[in-house]
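Okay, so here's the structure we're looking at.
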Amino acid sequence: MNSQPSLKVENLRTHFKLARPHLFAKQPTVYAVDGVSFEIEQGRTFGLVGESGCGKSTTALSVLRLVEPTSGSVILKGTDVCQLNQEELRLYRRNMQIIFQDPYSSMNPRATAGEIIRSPLKILNIGTPQEQNERVEELLKLVGLRPEQRNLYPHQFSGGQRQLICVARALAPNPDFIVCDEPVSALDVAIQSQILNLLVRLQREFNLTYLFISHDMAVVQHICDDIAVMYLGKIVEKTDRRSLFMNVKHPYTKALLAAVPTTDPKLKGSSAPLKGDVPSPINPPAGCHFHSRCPLAEARCVEEDPVLQEILPNHWVACHLA
Ligand code: SF4
């Protein structure tokens, strides 16, 4: 990477302790995020991709401290978010916003669209009521809604329009950095491209930095500049979009790509789609976490955990065979 990163995540760990099944049992721990590091340059989109349960959403929530990380650092524009106290964090949140997967469940059904978009401005005490009203109108237009729609309630909008309201709400405090947590996976395909194109346009206009979470390789390919593939709380492959899709190295990434509908044999690769589910992060398999599903697994894969290594310039892979 050439310029200073806008966001730098180093060795992030988020572990959850569970209740002991009985008094003398060892306390189970969920290793949801286990030593994740990446950087995002200002104005770029970094994708975190993997199956459900791989830890990508917990990573995103930990970066925003909506879930408290166990250890590691999250440096946003020179400030370590993990070191802020609660009041500092509350104020700093104007720089970092989130768009959730399900717009309906992330908004108050009894609030109007205008009130929803205005809510971060009220919470963060930004502007006078008049300025807040003007900002709401500006944001509605920016995302392609009409100013008079500010008085409608969430149930009076389509799913795509509700996500537009969430995009407007995320933009309201003028953040530098936005987490997009599966923002189109609950929407029809036609609406998906409308929202993705809007995100790209807004990024260009406001030089926004995105952390984009998705299980869908086709969506990631469309929108992300750099991509990390996660499996059981760890990054197993990390590189730019072109290298990932044209020169894929990790057997897990190959299997994810094999599941993407495409007519391009280069993208399709030779791997068969994945079988079975991601193992439990409570008791991750020893050695390489992927060995129980990997078609190439060898004896050492069961014992030795492969280290994420830069095997080509800016192409990182965690696999003994890479
Ligand atoms: Fe497969 Fe072994 Fe590579 Fe893990 S280290 S991905 S089990 S070949």
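Below, the figures for the structure above:
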{"quantity": "On Cα atoms only, tilt of 159-171 relative to the major axis of the chain in degrees", "calculated": "80 degrees"}
{"quantity": "Spatial separation of Cα centroids for the range 298-322 and the range 112-134, in angstrom", "calculated": "49 Å"}
{"quantity": "The range 95-103 - phi-based ³J(HN,Hα) in whole Hz, Karplus 6.51/-1.76/1.60, Gly and Pro as x", "calculated": "7, 9, 10, 9, 10, 8, 5, 9, x"}
{"quantity": "Entries of Lys56/Lys275; Lys8/Lys254; Lys234/Lys254; Lys17/Lys77 with Cα pairs more than 23 Å apart", "calculated": "Lys8/Lys254; Lys17/Lys77"}
{"quantity": "Overall Cα dimensions of the chain - principal axes, largest extent first, Å", "calculated": "67, 55, 40"}
{"quantity": "Orientation-averaged projected area, Cα convex hull of the range 1-40 (nm²)", "calculated": "3.3 nm²"}
{"quantity": "Using alpha-carbon coordinates, inclination of helix 113-123 to the longest axis of the chain, degrees", "calculated": "80 degrees"}
{"quantity": "Using distinct alpha-carbon pairs, which all enter the 1/r mean, Kirkwood radius of the range 14-104 in Å", "calculated": "15.2 Å"}
{"quantity": "Distant alpha-carbon pairs in the range 45-178 (separation over 21 angstrom), percent", "calculated": "46 percent"}
{"quantity": "Crossing angle, helix 189-206 versus the chain [Cα axis fit, 0-90 degrees, rounded to tens]", "calculated": "70 degrees"}
{"quantity": "Radius, Kirkwood style, for the range 212-257 when every pair of distinct Cα atoms is counted (Å)", "calculated": "10.6 Å"}
{"quantity": "Length-normalised contact order for the chain - Cα pairs under 8 Å, 6+ apart - percent", "calculated": "20 percent"}
{"quantity": "Local net charge near Ser52, Cβ-Cβ under 12 Å (Lys/Arg +1, Asp/Glu -1)", "calculated": "-3"}
{"quantity": "Highest to lowest packing among 226-236, 70-80, scored as the average C-beta count within 10 Å", "calculated": "226-236, 70-80"}
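Every number in this text was worked out from the coordinates using simple rules, so none of it is lab data. Quick caveat: nothing in here was measured; it's all calculated off a predicted structure. Every residue, glycine among them, receives a Cβ derived from its backbone with ideal geometry; neighbour counts consider all protein chains shown.
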